[in-house]
1. Just to verify a result, which residue in segment 85-132, among those that are charged (D, E, K, R) and surrounded by 15 or more Cβ atoms within 10 Å (Cβ to Cβ), is farthest from residue 40 (Cα to Cα)?
2. Which of the residues that make up segment 66-114 are part of a strand (DSSP E or B) and among the hydrophobic types (A, V, I, L, M, F, W, C)?
3. Looking only at segment 36-46, count how many residues are free of Cβ contacts under 8 Å to residues at least 60 places away in the same chain, part of a loop (DSSP other than H, G, I, E, B) and under 19 Å from the mean Cα position of the chain (by Cα).
4. Do you know which residues across segment 47-77 are without any contact (Cβ under 8 Å) to a residue 40 or more places away in the chain, closer than 24 Å to residue 109 by Cβ and buried (at least 21 other Cβ atoms within 10 Å of the Cβ)?
5. Sort out which residues of segment 50-65 are in a loop (DSSP other than H, G, I, E, B) and more than 11 Å from residue 124 (Cα to Cα), and write them in order of number.
Amino acid sequence: MKSKPIGALFGLLALVAILGVAPAFGQTANEVDIQAGAGSSANAACVTTSNCFSPNPITVAPGTEVTWKNGDTVSHTVTSGKVSDDNAGSLFDSGLIKKGAEFKFTFANAGTFNFFCTVHPWMAGQVIVAASTTPSTNTTTTTPANTTAVPEFGPVASIVLAIAVMSMVVFVAKTRGIPKF
C-alpha cells in the first residue's frame with residue numbers, strides 16, 4: 001500500500017512545478033533582465049529580436065515597482081525616453097548598473113514608457129503601465145515593431161517539473177500501472 005503516499009508525492013511535485021511555471025504565461029513578474037552579451041555590439045543577437053532587456057515590452061499595473069537586473073558582464077544604464085529625446089532621463093536614470101546589480105523604479109501612472117542604455121544606445125525597451133488588460137498609450141511614445149514577449153521559466157520550476165516527470169516514469173515502470181490519486 002505504498003502507492004498512496006508515493007502518488008501524493010508525485011501530485012505535490014507536479015503541482016509545485018505547474019505553479020512555478022504558470023506565472024510566466026500571465027507575465028505577472030515585474031523584473032526585466034539585461035541579457036548577457038547585450039552590450040557587445042549593435043549587431044548583438046538581442047538587438048534584432050528587441051530583447052536585450054527581457055521581457056520587452058513588460059506590462060504592469062500602476063503602482064508597480066519594476067526591477068532591472070544586469071545579467072551582462074559589463075555595466076549598463078536604464079534611462080527613460082529615447083536616445084533622440086531632448087528630455088531623456090527626466091523620469092528616471094539608473095546611473096551605471098554593474099554586473100549582477102539591479103535598479104528599481106515605481107511606475108505610478110498609466111502610459112507607455114520607453115527606456116534605453118546610455119552606454120549602449122542600441123539597447124532599448126518599453127514599460128507599458130495599464131490600469132486594465134488593454135494597454136493605454138502615450139502620444140509621445142511609440143511601440144517597437146517586435147512586441148512579442150517570451151515567457152521566462154524559473155530555474156526551480158524546470159527542475160521540479162523534470163523530477164516529477166522522471167519520478168512518474170520510474171513509478172510506472174516499477175508498478176506497471178498509472179497511479180490512482
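Just so it is clear, none of the values below were taken in a lab; they were calculated from the coordinates. If you're wondering where the values come from, they're calculated on a predicted model, not measured in any experiment. Note that each Cβ is placed from the backbone with ideal geometry, even for glycine, and that neighbours are counted across all protein chains shown.
1. Restricting to residues being charged (D, E, K, R) and surrounded by 15 or more Cβ atoms within 10 Å (Cβ to Cβ), the top hit is 85.
2. 66, 68, 97, 103, 105, 107, 113
3. 2
4. 68
5. 55, 61, 62, 63
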